[in-house]
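Below: one structure, written as structure tokens.
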Amino acid sequence: MTEDFKPKTVLLASTIIATMAFSSAAFAEKLVLYTSQPDADAAATVAAFEAQNPDADVEVFRSGTSDLLSKLAAEFAAGSPQPDVLLIADAVSMEGLKADDRLMAYADANTEGFDPNAIDPDKFYFGSKLITTGIAYNTGASEQPEHWSDLTGDAYKNLVVMPSPLYSGAAAFLLSTFAEREDLGWQYFEDMQANGLSAVRGNGSVLKSVATGENAYGILVDFLAMNAIKDGSPIKFVFPEEGVTAVTEPVAIMATASNVEGAKKFVDFILSDEGQKLALSQGYLPAKASVGTPDWMPEGVEVKVMDANVGEIVTKIDDNKKRFSTLFGG
């Protein structure tokens with residue numbers, strides 16, 4: 001009887017240990033992602049990643065970049081940052097986190113073929129796409145702008161809307177890039193304020209305002225405008241001749257990540273051809289040129305991206321936001 005009992009005991013113990021090991025492995029695969037992607041894009045990105053990594057279990061917190069950074073700041077203050085990996089709007093926000101030692105370098109990330117302007121040279125963060133900001137206008141508008149300076153003219157008075165830099169990472173990047181340029185500078189925003197520029201919470205609100213004709217002109221990210229045009233929205237989009245600003249929606253691993261290996265797999269996916277093709281299918285311009293261009297990009301159009309010193313911008317962006325808030329309210 002004793003002999004019969006022992007093998008069953010060993011078998012039961014082995015089963016318990018195996019179950020515990022499986023549960024532990026499953027728990028280790030949980031990945032916490034903080035992202036500012038639109039809901040549909042975030043869901044598609046996570047679904048594609050999980051399809052490629054069947055053992056992964058991604059927990060997502062999604063909000064605007066500014067809200068995410070506020071949430072992170074509170075978590076840092078409490079000593080309990082939650083995310084393993086970030087996928088947010090702009091390199092300026094990532095540069096700030098990098099300066100505060102909040103990010104982990106990933107030296108082995110494969111960035112071959114990527115636009116060098118999209119990749120942190122120290123490999124703390126990696127741009128996933130190029131999201132430019134230009135001028136959208138309603139097809140019923142009387143003027144067809146070609147330059148940023150056109151928007152300060154009398155014909156555009158009280159007819160222009162832009163996303164507030166206090167909420168939009170792309171708008172904050174545009175603000176700080178323009179502020180450093182001799183041909184634009186703060187004078188541009190002062191002239192725009194005098195000309196009745198309205199600042200609203202986000203790019204989606206700008207698109208709606210221009211499409212409905214509430215405002216004839218808007219400062220807007222390219223993919224929202226172009227996809228709306230494809231869907232029949234009565235707007236047009238211009239890449240001004242002086243150039244456009246571009247945010248790169250970078251991905252990064254947190255220095256405090258609990259699931260480092262899972263975070264690396266997520267970065268690998270975003271940088272892979274499959275991940276870049278997903279960005280392309282969502283209507284974005286991928287950071288890896290060989291993957292292709294979105295179908296909304298007019299043939300023969302060359303997009304001139306303005307030079308921007310991200311390291312310089314990050315030291316001034318908070319002051320720029322405060323100055324903008326004083327000028328426009330909010």
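For the chain, the dipole from Cβ point charges (+1 on Lys and Arg, -1 on Asp and Glu) about the Cα centre works out to 780 debye, to the nearest 20.
Summing +1 for each Lys or Arg and -1 for each Asp or Glu among the other residues whose beta-carbon sits under 11 angstrom from that of Ala257 gives 0.
Can you give me the convex hull volume of the Cα atoms of region 27-150, divided per residue and expressed in Å³?
In region 27-150, the Cα convex hull volume per residue is 178 Å³.
Under 20 Å from the 7 Å Cα→Cβ point of Glu261, by amide nitrogen: which residues of region 53-67? Under 20 Å, as judged by backbone N against the label point of Glu261, lie 53-59 of region 53-67.
First obtain the Kirkwood hydrodynamic radius of the chain from its Cα pairs, then insert it into the Stokes-Einstein equation at 37 °C and 0.692 mPa s, and state the resulting D in µm² per second as a whole number. It would help to have the intermediate numbers written out before the result.
Details: Rh = 21.4 Å.
Translational D for this selection: 154 µm²/s.
A full extension of the chain between Glu214 and Asp57 corresponds to an added length of 52.2 nm, given 0.36 nm per residue minus the alpha carbon distance.
Could you give the size of the charge dipole of region 162-278 about its Cα centre, using +1 on the Cβ of each K and R and -1 on the Cβ of each D and E, expressed in debye and rounded to the nearest 20? Mind dumping the intermediate values first?
Working: 8 positive and 15 negative charges, 96 e Å.
That gives region 162-278 a dipole magnitude of about 460 debye.
Spin-label model, Ser272/Thr315: points 7 Å from Cα along the beta carbon direction are separated by 4.0 nm. So for region 81-234, what are the equivalent ellipsoid semi-axes in whole Å, largest first, each being the square root of 5 times an eigenvalue of the Cα gyration tensor? Output for region 81-234: semi-axes of 33, 18, 14 Å.
The modelled label-to-label distance between Glu302 and Ala194, using points 7 Å beyond Cα along the C-beta direction, is 3.5 nm. Each part gets one Cα centre, and for region 26-76 versus region 86-140 those centres are 17 Å apart. Using only side-chain charges placed at the Cβ, +1 for Lys and Arg and -1 for Asp and Glu, the dipole size of region 149-203 relative to its Cα centre rounds to 320 debye. Shape of region 132-223 from its Cα gyration tensor (a ≥ b ≥ c, root eigenvalues): rounded if a/c is under 1.5, otherwise prolate when a/b > b/c, or oblate? It comes out oblate by the Cα gyration axes.
Can you give the percent of C-alpha pairs in region 142-189 whose distance is more than 16 Å? Show your work: numbers first, answer last.
Numbers: 524 of 1128 pairs.
Counting pairs separated by more than 16 Å, the tail of P(r) holds 46 percent.
When peptides 247-258, 69-80 are ranked by their average number of other Cβ atoms within 10 Å per residue, the highest-first order is 247-258, 69-80. Seen against the Cα atoms of the chain and their longest principal axis, helix 169-179 is set at about 40 degrees.
So between Ala43 and Gln187, what do we pick up on full extension, going 0.36 nm a residue minus the alpha carbon distance? Walk me through the intermediate numbers first.
Working: separation 144, 0.36 × 144 = 51.84 nm, distance 4.08 nm.
Roughly 47.8 nm would be gained on extension.
Using a cutoff of 8 angstrom between alpha carbon atoms and counting only pairs six or more residues apart, the relative contact order for region 175-330 works out to 24 percent.
How big is D, in µm² s⁻¹, for region 258-313 by Stokes-Einstein at 25 °C and 0.890 mPa s if Rh is the Kirkwood radius over C-alpha pairs? This corresponds to a translational diffusion coefficient of 182 µm²/s. Pairs exceeding 21 Å between alpha-carbon atoms, taken from Lys98/Lys288; Lys236/Lys321; Lys265/Lys288; Lys98/Lys264; Lys123/Lys264; Lys264/Lys316: Lys98/Lys288; Lys236/Lys321; Lys264/Lys316.
Mean 1/r over all different Cα pairs, inverted: what Kirkwood radius does region 182-330 give, in Å? Kindly include the intermediate steps, with their values, before the conclusion.
Details: mean 1/r = 0.0546 Å⁻¹.
Value: 18.3 Å, from the Cα pair sum.
Taken together, the values in this text are just the output of simple stated rules run on the coordinates, not laboratory data. Here the structure is a predicted model, which is why all the values come from computation and not from measurement. When we count neighbours, we look across all protein chains shown, and the Cβ atoms used for this are built from the backbone with ideal geometry, even at glycine.
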